[in-house]
Amino acid sequence: MLGSTLFVDKSRDRVRPVVNLFLDELEEIDQYSWASGTLAWLYRCLGQASHAGVREVAGCLTLLQCWIYEYFPGFRPSHFEPPLVGPDDAWASRWIGQPAPGSVADPSVRLAFYRRALDSLTPSDVFWTPFHQRPHQAVRRCLYTGLIRFADIGEFYDPARCLRQFGYRQMVPPPPSRPQRADRPEAPGGYVIRIPESFDAAWDALLSHHIRIC
């Protein structure tokens, strides 16, 4: 689950050693914020995948793919109506299904198709509130703004940069938060970001760091 689903890297069948540290105290596993950790790791992997010359992407791609299906109906499997899921079922399970007959199998043709579709996207092509018209009313922590962490990785989370997903008109967002320092080594292996300690304090005081929406 941890190495092949949530915190996937490009080694395919290996697990980062730091992941094993979370299993030292099994009775505390249900107290960890696995969702925010998975999202932080995915953010980092997407950042690395955006570099020139990178050919693969790691991270929880199941989460990314389901996010695409929910917000961009034009990229959903053809002729596939997702069923409703029960309260105890994983939300992603509603997208389990086979591609429709006649789907293009040639990767180069698919790539050209998706590039054209992305270039022609308009705001009306996006389903901004697939889960709830005001999702923050049901889950307050989705309005948290600050740092999310996975082990030594810290990524910024700023819902003010996309308010339409909370059912509000987008305003001009504040400047993005910046780390104290970012090192991008020439050798492969990612990059190191140094985060001010104040951002960790914001995570510890989660409920006092929400953007204000009237």
- Subset tally (residues that are part of a loop (DSSP other than H, G, I, E, B), open to solvent by less than 80 Å² (accessible area, probe 1.4 Å) and either closer than 26 Å to LEU84 by Cα or of a type in the set (Lys, Arg) (or both)) for the range 104-144: 6
- Query: Do we have SER78 as modelled with pLDDT under 85, within 23 Å of ARG94 (Cα to Cα) and not basic (Lys, Arg) here?
  - Reply: yes
- Query: of a type outside the set (Phe, Trp, Tyr), in contact (Cβ under 8 Å) with a residue 12 or more places away in the chain, part of a loop (DSSP other than H, G, I, E, B) and farther than 23 Å from LEU121 by Cβ - does that describe any residue in the range 62-85?
  - Reply: no
- Filter result for LEU2 (surrounded by 11 or more Cβ atoms within 10 Å (Cβ to Cβ), more than 28 Å from THR129 (Cα to Cα) and in contact (Cβ under 8 Å) with a residue 12 or more places away in the chain): yes
- Message: Where the second residue is exposed (fewer than 10 other Cβ atoms within 10 Å of the Cβ) and modelled with pLDDT under 80 and the first is within 19 Å of ALA58 (Cβ to Cβ) and lies in the range 8-28, which pairs have Cβ atoms under 8 Å and are six or more apart or on separate chains?
- Response: VAL18/ASP152
- Condition test on VAL104, is it among the aliphatic types (A, V, I, L, M) and either at pLDDT 65 or above or within 19 Å of PHE72 (Cβ to Cβ) (or both)? yes
- Task: Read through the list (1) modelled with pLDDT of 70 or more; (2) closer than 28 Å to MET1 by Cα; (3) among the polar types (S, T, N, Q), then give the number of the only condition that GLN98 fails.
- Result: (1)
- Note on the structure: For the range 87-101, pairs from a residue that is within 11 Å of THR62 (Cα to Cα) to a residue that is modelled with pLDDT of 80 or more and assigned to a helix (DSSP H, G or I), with Cβ under 6 Å and 6 or more apart or across chains, are ALA92/THR62; ALA92/CYS66; TRP95/CYS66; TRP95/TYR69
- the range 14-30, subset of a type outside the set (A, V, I, L, M) and either within 19 Å of ILE153 (Cα to Cα) or in contact with a helix residue (DSSP H, G or I) (Cβ under 8 Å, 6 or more places away or on another chain) (or both), residue surrounded by the fewest Cβ atoms within 10 Å (Cβ to Cβ): PRO17
- Message: Pairs needed: first member in the range 39-60, surrounded by fewer than 18 Cβ atoms within 10 Å (Cβ to Cβ) and assigned to a loop (DSSP other than H, G, I, E, B); second member anywhere, basic (Lys, Arg) and at pLDDT below 85; C-beta distance under 9 Å; at least 6 residues apart or different chains.
- Response: HIS51/ARG184; GLU56/LYS10; VAL57/LYS10
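The values are calculated or read from the model by the stated rules, or taken from the named source; none is laboratory data. For clarity, every value in this text was computed on a predicted model and none was experimentally measured. In this analysis, Cβ positions are derived from the backbone assuming ideal geometry, glycine residues included, and neighbour counts consider all displayed protein chains. Just the protein is used for accessible areas: all its heavy atoms, side chains included, with ligands, DNA and RNA removed. Shrake-Rupley method; radii C 1.70, N 1.55, O 1.52, S 1.80 Å.
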